Structure formats: structure tokens, C-alpha cells
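These notes concern the structure reproduced below.
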Amino acid sequence: MQRRVMALLVVVAALALTGLALAGEEAAPVTVEGKLMCAKCTLQEKGQDKCQSVIVSGEQKYYLIKNDVAVKDGHVCKGEKAVKVTGIVTEKDGQKWIEATEIAETKS
């Protein structure tokens, strides 16, 4: 009985340490090139009731998280602007989101 409890504690400790190690890892920044557009006004996405910047790169969309960098480099409400965005990509509800650390306009 005592061996089973010890074995269980060892397993729990190993899992806890693995979880801490994974939680400590930060996502690496990525660079995405594409067209900056508005999900509501330009793309007319269903269910989008307010303006939301999105970078369209090929078939993939990256929704831009509003931060100081995103606010500084503006929002394209109608139309599009060619950009190169560097930042951390996360996924939420099946959508990719990017928190930009740098946004640069590129030639189309």
C-alpha cells in the first residue's frame, strides 16, 4: 500500500514538473506577410459587429490583437495595405491571433 502511494506521488510530481516546464516556455515570434484589412468593413465577415484588423496571408487569417503597436500603425477600414507583421501567434476559438511587436508596410 505504501509503495503504491509513493509511486503515485512520484507520478504526480513528474507531471507537475513537466507542466511547469511547458508553462515556462514562451512562444517564438513569427513574421507574417499579407494584406491588412478590416474583418467587418472590407471582408464583411458574418457576426463581426465592429471593426477588427486582420492580416490575410494566402488562405490564412491572423486577427490583430489591439496593442500599442497595432494602434500606432493604424487600421485600414475599407481597402487593404500590404504589411509584414512580427509577433506572437496564438489560437482561440479556431482563429489565429497575432500580438504584433512590429508592423511594417511593404510594397505590394
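Quick note: the coordinates plus some simple rules give every number you see, no bench work behind them. This structure is a prediction, so every number in the text was calculated from the model and none was measured. So basically every Cβ, Gly included, is an ideal-geometry build from the backbone, and we count neighbours across all protein chains shown.
Worth a mention:
- Filter result for the condition that a residue is surrounded by fewer than 15 Cβ atoms within 10 Å (Cβ to Cβ) and touching a Ser or Thr at 6+ places or on another chain (Cβ under 9 Å), over THR31, THR86, THR90: THR31
- Identity of the residue in the stretch 61-108, out of contact with any Asp or Glu (no Cβ under 6 Å at 6 or more places or on another chain), assigned to a loop (DSSP other than H, G, I, E, B) and among the β-branched types (Val, Ile, Thr), that ends up farthest from CYS51 (Cα to Cα): THR106
- Of the residues making up the stretch 67-83, those that are loosely packed, with under 13 Cβ neighbours inside 10 Å, farther than 16 Å from CYS41 by Cβ and either of a type in the set (D, E, K, R) or touching a residue at least 24 places away in the same chain (Cβ under 8 Å) (or both) number 3.
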